[in-house]
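Engineer: Below are the structure tokens for one structure; questions will follow.
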Amino acid sequence: MKYFLKQNRGFIAFLVCFGFFRLAVADWNPIPTGSMRPTLLEGDVVLVNRIAYDFKLPLSDVSLFDIGKPERGDVITFTSPVDGVRLIKRLIALPGDVVQLRNEVLTINGVVAQYSGPDAVTEPLDNGATTSALHIRERMAGNERTVQFLPEIGARRDFGPIVVPTGNYFFLGDNRDNSADSRYIGFVPRHLLIGKAHHIVVSAAIKGDWLPRFERIGQRIE
């Protein structure tokens, strides 16, 4: 064993450094569901900056020190406060914000989001079926994104108004009618935030022919 360690110490050091880098600095996150459509598709793999907000002890939620502040519109990976599953959603409201949904229309601190569109499309469902969908541009609090609505699907289209507690955050999926987000799992404490997703690394059509989607590789997440 000593001989093996001596002969391979450079490679072992590389593995240790790589493991630390992935656990504490940067990571990648596969997208298994359609909750962030149309921004992220099933089969996308996104790059996550784990030190965008905090520097944590590897393999823990213990923050050693704060680095940055989460901002409305950030796409963030976090640990679900309900079952510990890693999720990825869009940050909608910060601590102290008053958030409300009325018939899908988002309001934050009394300011109503602006919408333009819609574009009618056909979208796949997790069970292999399809449904009609609407893609609409949503502008709120200085940022803009395309969100998706599924008129034929039953969903929670009304919420609040409610104040986001101190140290907590409110998230929504861009696929507003097919996302287990803060409407269902509640607010997310800061210590459960993992990192900010910023680019798509690779992508493949896992719901179809599994061919790579080259046009999505390297795409910046809006």
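Engineer: In terms of modelled amide H atoms, which long-range or inter-chain residues lie less than 5 Å from the amide H of ASP54?
Structural biologist: Residues meeting the criterion, in which the H sits 1.01 Å from N, are ILE67, GLY68.
Engineer: Let me ask something else about it. How large are Rg and Dmax for segment 97-222 when only the alpha carbon atoms are used, in Å?
Structural biologist: When restricted to the Cα atoms of segment 97-222, Rg and Dmax are 16.1, 45 Å.
Engineer: Right, here's the next one. Quick one: helix 9-24 against the long Cα principal axis of the chain, what's the angle to the nearest 10°, folded into 0 to 90?
Structural biologist: The angle comes out near 20 degrees.
Engineer: Relative to the compact globular guide of 2.2 N^0.38 Å, what is the alpha carbon radius of gyration of segment 2-216, as a ratio? All intermediate terms of the calculation are to be shown ahead of the outcome.
Structural biologist: Details: Rg = 19.3 Å, N = 215, 2.2 N^0.38 = 16.9 Å.
Rounded to two decimals, the normalised Rg is 1.14.
Engineer: In addition: Place a point 7 Å from Cα of GLU152 in the direction of its Cβ. Which residues in segment 113-135 have their backbone N less than 18 Å from it?
Structural biologist: Of the residues in segment 113-135, 119-135 have backbone N under 18 Å from the label point off GLU152.
Engineer: If you don't mind, there's one more thing I want to ask. Which ³J(HN,Hα) values, rounded to whole Hz and listed in residue order, are derived for segment 91-105 from phi using the Karplus coefficients 6.51, -1.76 and 1.60 in 6.51 cos²θ - 1.76 cosθ + 1.60 with θ = phi - 60°, glycine and proline given as x?
Structural biologist: 6, 9, 9, 9, x, x, 5, 9, 10, 8, 10, 9, 6, 6, 7
Engineer: Expressed as a rounded percentage, what relative contact order does the chain have, with Cα pairs under 8 Å and six or more residues apart?
Structural biologist: Values: 477 pairs, mean separation 53.0, N = 222.
Value for the chain: 24 percent.
Engineer: For the chain, set up a GNM with springs between Cα atoms under 10 Å and report which of TYR169, TYR115, TYR53 has the largest fluctuation.
Structural biologist: Result: TYR115 has the largest fluctuation of those listed.
Engineer: Name the residues whose placed amide hydrogens come within less than 5 Å of the amide hydrogen of ASP174, ignoring near sequence neighbours (fewer than 5 apart) on the same chain.
Structural biologist: ARG90
No value in this document is a laboratory result; all are computed from the given coordinates. The shown structure was predicted, so the numbers you read here are calculated from the model rather than taken from an experiment. Quick reminder, even Gly has a Cβ in these numbers, built from the backbone with ideal geometry, and neighbours come from all protein chains shown.
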